[in-house]
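The values are calculated or read from the model by the stated rules, or taken from the named source; none is laboratory data. Here the structure is a predicted model, which is why all the values come from computation and not from measurement. Virtual Cβ from ideal backbone geometry, glycine too; neighbours counted across all protein chains shown. Ligands, DNA and RNA are stripped out before the accessible areas are found, and what is left, the full protein with its side chains, is counted by its heavy atoms. Shrake-Rupley method; radii C 1.70, N 1.55, O 1.52, S 1.80 Å.
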Amino acid sequence: MLAAKKNTYRLKSSVFLVGMMGSGKSKVGKLLAEAIGVDFIDTDEVIIAMEGKSITDIFTDPALGQDYFRKKELSVMKKILSTTANKKNNNKIIAGGGGSFINPAIRKLLREQQVVTIYIDAPVWALWMRVRHGKDRPLLKDKNPRKKLREIYNARRATYMTADIILPFGPLGGGSKKKNMSRLLSILIKHGIAEAVKGE
């Protein structure tokens, strides 16, 4: 978890970033949390630290596997949100794994805790450019990983589109990560999710 240094903005609710692997949830989310002055949590990083294993190792371990990982995602989300609910100025930016929002239990939990969900909708070609050299992508361990990526995207996109806010590739597609973060912050302010702290 990345701890905030100061509060430049007030975040009125926690934000959960939704999207495919390679969509930029973690990198842009971390910059966004720093800019606002709140904590950033990457659920994949939390699980890796808890298990002492990479995601690929968890998926391929016969005693664990993908089902175990999905259950762990839900457990981690419950723990994160239990420290946030009903506590003033304790809202966070959270980046979930690509498959986390597909879990109905996690979507239900996010709704119950009134967490704002934002889907970063990057196209498959852009995702592929970002993940093609990555090693810790267990779902892409396939003879045709690009085709597999498209299949996963097609299977998940309809669920991703149920997020509270949809950010198409245009706003987040070009420029540096810092510019992309600024665009996302503008969206939060526009929707009344974040506001500048007076006197800062």
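Things worth noting here:
- Restricting 140, 149 to residues that are more than 16 Å from the chain's Cα centre (by Cα) and modelled with pLDDT of 85 or more narrows the list to 149.
- Matching residues, region 101-113, being in contact with a Lys or Arg (Cβ under 8 Å, 6 or more places away or on another chain) and open to solvent by less than 40 Å² (accessible area, probe 1.4 Å): 101, 103, 109
- Residue in region 45-59 that is touching a strand residue (DSSP E or B) at 6+ places or on another chain (Cβ under 6 Å) and acidic (Asp, Glu) present: no
- Candidate set: region 8-25, residues that are crowded, with 20+ Cβ neighbours inside 10 Å and either more than 12 Å from the chain's Cα centre (by Cα) or among the hydroxyl-bearing types (Ser, Thr, Tyr) (or both); chosen: the one modelled with the lowest pLDDT: 23
- Given (1) open to solvent by 90 Å² or more (accessible area, probe 1.4 Å); (2) closer than 28 Å to residue 49 by Cβ; (3) modelled with pLDDT of 90 or more; (4) in a helix (DSSP H, G or I), number of the condition residue 80 does not satisfy: (1)
- Scanning region 114-128 finds no residues that are in contact with a Lys or Arg (Cβ under 8 Å, 6 or more places away or on another chain), open to solvent by 10 Å² or more (accessible area, probe 1.4 Å), assigned to a helix (DSSP H, G or I) and under 28 Å from residue 195 (Cβ atoms).
- Filtered residue count, region 48-77, keeping only those that are open to solvent by less than 40 Å² (accessible area, probe 1.4 Å), under 12 Å from residue 99 (Cβ atoms) and under 15 Å from the mean Cα position of the chain (by Cα): 2
- Residue 37 vs. criteria surrounded by fewer than 21 Cβ atoms within 10 Å (Cβ to Cβ), touching a Ser or Thr at 6+ places or on another chain (Cβ under 6 Å) and over 24 Å from residue 108 (Cα atoms): yes
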